[in-house]
Structures are given as structure tokens and as C-alpha cells.
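Have a look at the structure below, then the notes.
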Amino acid sequence: VSDADRGIVADVRRGNRDAFAHLMRRYQGRLFGLALMMVREPAGAEEVVQDAFVRAFTHMERYDDRQPFYPWLASIAVRLAQNWLRARGSIVRHEAASLDSVPDPGGPAGALETLIADQDSRTLWRAVAALPSGERTAAFLYYRDEMSVQQIARALGVTSGTVKTLLFRARRHLRGRLEPMAMRGESLP
Amino acid sequence: MNCAHVLNVIDAGPFANLTREHREAAMRHARDCQTCGAAVETSAAIVSGLAALPRPAPPPDLEAQVLARIARMDEVRHAPVVHDREWPAWTTGLGALTAGLTMIAWLGTEAFTVVAPPRLARLTTGFGAMPSTPGEMFLLAGGLLLYVLGLLAAPRRSR
């Protein structure tokens, strides 16, 4: 964890609201992207992110400041997003097969796609959005949010081996979707 | 090393469990094989594309909303706690009995005949009397003590 984060967290623990606002400004973009990718609804993503920040604030004493802050925050958001999906009828279990079979709540790419202007990125988003839930979350956390396999495993409540399997499947599925486009001469991200 | 094997290596990415010789053999195969070469390029484009995906902007009032929620939680936490007493039936009954005995005792006193209208005072003459012997005083004091103990022993409920 960076010294800056450690200092800010120490201030938050002393009850400094401005320090917490600073933490929010630093991580709200990443966290909102993660939540939106999972629940695919801007209103739902906002609810999840708000809840995640409030919970992080009220449980700050549980955060181990020898570890990076974002993975801890992301693990809270992932569980809240899973609860959000569960409350809307999607069943999330902590097994790779079950994670992969979670039904998606929204349309093909949902609101996420409409927020992305660049065509190449939209193509990739569409392919990512079509992935099963567990693969999508693991790929997002690993490649986009640069979390380690162990950190993702903690966030998802699965083993490191399961995360590797999810990443393997995600890459295979994405390649299977995007390679034919590349063969036809369409641009890839 | 065949295509299926090499494609597995490509999709496993950094987690492919290979010896250096096997990795070099896979790379040689990918260089010479059109299918596997394309897979390597696509896979690399996917990884870099995922890392570079733009971040959707969070709602502009997100920070304010969260801080407002935290402030509301503080208000609730610091609000004065109101206690309700749950009155068990025996406490209520004991209280009513003590109050009734006290009332009867007072109705028969001279003090009552002074303040009450004459007709009402005549009705209650001899109705009761303030305890005058040590035994009666002891009984009344005991009743009052039980009543007070009942009040103190009543469980509290916070809201």
C-alpha cells in the first residue's frame, strides 16, 4: 500500500471526513466501473458503490493497512454486487461452475456500452459483457483493475486455482469471439 | 507440440505451467502456424484492450451522497436514547394494590374530612384509617418498598 493511502486511512480512522472524501475521489471511478460491469445498471451500480464506501468507512478498523486499499474496497463491492444480483433473482455461488452460470441481469452490454464512445473499446466491451459472470468479473479485476490472483480469489471467495481457471476460460471465450472479427479484417482494440 | 496444446498455452497466459523448453517450442510453433500466430496476436490485443478500457464516469453527486449517509448515521448514533419500561403484570398489580390501600387509608383520616365536601366525608367515615400501630406502618412501608423495587426491576427497552 502506498504511504499516501496509509496516511489517509490513518486520518479516516481518526474520524477525518475530508480524508475519506479524498479516498472516495481516488477510487470511485474504478469502483463504479467494476460495479457497473457486474450489475450492468447505472442506478444499481451507484447503489452498490455507495454501500461499499459506507461499509468501508464503518469497518475501516478491519482493513489491514499493510495490504493495498483498492482490493479490500473492491472485495466489499463485489460482495455487495453479488447480493444485489441475488436480490434480483440471480444466484451466485462460490464455485467456478456456478459463477459461470450466473444469469445476467441486463441486456447484452447494458448501460456500460453506452458510456463508451470509442468503437474499438465498445467491441471489446460487448465481448466482455457476453462472458459468464464469474469469468467477466475475474478478467475485469485482473486485467483492468490489476489485482493479483490471490486478491481476486479473496474478493470472489474462491481458490486461486479457480481464478486461474476463470481467467483461462475468459481469454478463450474472448479470443473465440474476437478472432473471427480480426480474420475478417475488422479492427480489434 | 500441436495446435490444441499451443492454444491452451496462449489462453493460460502467465499461468501456463511450462518448462522453458516447452515454452520455446510453443513460441516456435506459433511463429510457424498461421492459426496459432493469429491467436497470439488476438490474445495480446485482448489483454492490452482490457487494460486500456475507458472508465465510465461515476455520478457527480456520489461523494456527496455517501458523506450525507455517513452524517445521518452519526446523527442516529449520537441521538439520545429513549428507554421504555416494560411493565410486568405483577408490578402493575402491586402498584395498583398499594395505591388503592393508600387511598382507602387516606379516605378515613381527619384530613380528608376537612378538605372533602361534607356529604362525601360522611360517606367515608370509618372507611379506613391511617396506620397507627407499628405493625400497620410496617405493612404499608413494606408495600411501598415492594412497589418501588418493582419499578426498578422492570426491564428497560431502548428505541
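The values are calculated or read from the model by the stated rules, or taken from the named source; none is laboratory data. Just so you know, these numbers come straight off a predicted model, no measurement behind them. Positions of Cβ are generated from backbone atoms using ideal geometry, with glycine treated the same way; all protein chains shown enter the neighbour counts. Just so you know, the surface numbers come from the protein's heavy atoms only, side chains and all, with ligands and any DNA or RNA stripped out. Shrake-Rupley method; radii C 1.70, N 1.55, O 1.52, S 1.80 Å.
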Task: Test set (1) touching a Ser or Thr at 6+ places or on another chain (Cβ under 8 Å); (2) at pLDDT below 70; (3) of a type in the set (A, V, I, L, M, F, W, C) - B:Met73 fails condition number - done: (2)
TODO: Keeping to the range A:121-179, report how many residues are in a loop (DSSP other than H, G, I, E, B) and β-branched (Val, Ile, Thr).
DONE: 2
Task: Matching residues in the range B:1-26 - criterion: being within 7 Å of another protein chain (Cβ to nearest Cβ) and surrounded by 19 or more Cβ atoms within 10 Å (Cβ to Cβ) - done: B:Asp11
Task: Matching residues in the range A:130-148 - criterion: being aliphatic (A, V, I, L, M) and under 16 Å from A:Pro68 (Cα atoms) - done: A:Leu141, A:Met147
Task: the range B:10-35: number of residues that are among the acidic types (Asp, Glu) and under 55 Å from the mean Cα position of the chain (by Cα) - done: 1
Task: Hits in the range A:28-44 (condition: open to solvent by less than 20 Å² (accessible area, probe 1.4 Å) and either touching a residue at least 24 places away in the same chain (Cβ under 8 Å) or more than 10 Å from every other protein chain (Cβ to nearest Cβ) (or both)) - done: A:Leu31, A:Gly33, A:Leu34, A:Ala35, A:Leu36, A:Met37, A:Met38, A:Val39, A:Arg40, A:Gly44
- [ ] Could you please give the count of residues in the range B:52-80 that are assigned to a loop (DSSP other than H, G, I, E, B), among the acidic types (Asp, Glu) and within 7 Å of chain A (Cβ to nearest Cβ)?
- [x] 0
- [ ] Out of the residues in the range A:134-176 that are of a type in the set (Lys, Arg) and within 19 Å of B:Gly49 (Cα to Cα), state the one that is farthest from the other protein chains (Cβ to nearest Cβ).
- [x] A:Arg136
Task: Set A:Arg17, A:Arg6: member being open to solvent by 20 Å² or more (accessible area, probe 1.4 Å), over 15 Å from B:Val66 (Cα atoms), over 11 Å from the mean Cα position of the chain (by Cα) and at pLDDT below 90 - done: A:Arg6
Open item on the list: Is it the case, given these coordinates, that B:Pro60 is modelled with pLDDT of 80 or more and either aromatic (Phe, Trp, Tyr) or under 34 Å from the mean Cα position of the chain (by Cα) (or both)?
Closed with: yes
- [ ] Pull up the range A:119-151, narrow it to residues that are of a type in the set (Asp, Glu) and under 14 Å from A:Gly33 (Cα atoms), then point me to the one that is most open to solvent (accessible area, probe 1.4 Å).
- [x] A:Glu146
Task: Any chance A:Glu47 is within 30 Å of A:Ala127 (Cα to Cα), charged (D, E, K, R), touching a residue at least 24 places away in the same chain (Cβ under 8 Å) and open to solvent by 60 Å² or more (accessible area, probe 1.4 Å) - done: yes
TODO: Find the residue count for the range A:50-76, including only residues that are more than 12 Å from chain B (Cβ to nearest Cβ) and either of a type outside the set (A, V, I, L, M, F, W, C) or open to solvent by less than 10 Å² (accessible area, probe 1.4 Å) (or both).
DONE: 15
Task: Number of the exception - B:His29 against (1) at pLDDT 90 or above; (2) more than 10 Å from every other protein chain (Cβ to nearest Cβ); (3) surrounded by fewer than 15 Cβ atoms within 10 Å (Cβ to Cβ) - done: (3)
Task: Qualifying positions in the range B:121-159 - more than 31 Å from the chain's Cα centre (by Cα), at pLDDT below 75 and open to solvent by less than 80 Å² (accessible area, probe 1.4 Å) - done: B:Ala121, B:Thr124, B:Gly126, B:Gly128, B:Ala129, B:Pro131, B:Thr133
- [ ] Can you tell me which residue within the range B:36-51, out of those that are at the interface with chain A (Cβ under 7 Å from one of its Cβ atoms) and within 50 Å of the chain's Cα centre (by Cα), is surrounded by the most Cβ atoms within 10 Å (Cβ to Cβ)?
- [x] B:Ile46
Open item on the list: Pairs please, first residue from the range A:120-133 and within 12 Å of chain B (Cβ to nearest Cβ), second anywhere and of a type in the set (Val, Ile, Thr) and surrounded by fewer than 21 Cβ atoms within 10 Å (Cβ to Cβ), Cβ atoms under 6 Å, 6+ apart in sequence or on different chains.
Closed with: A:Arg122/A:Ile116; A:Trp125/A:Ile116
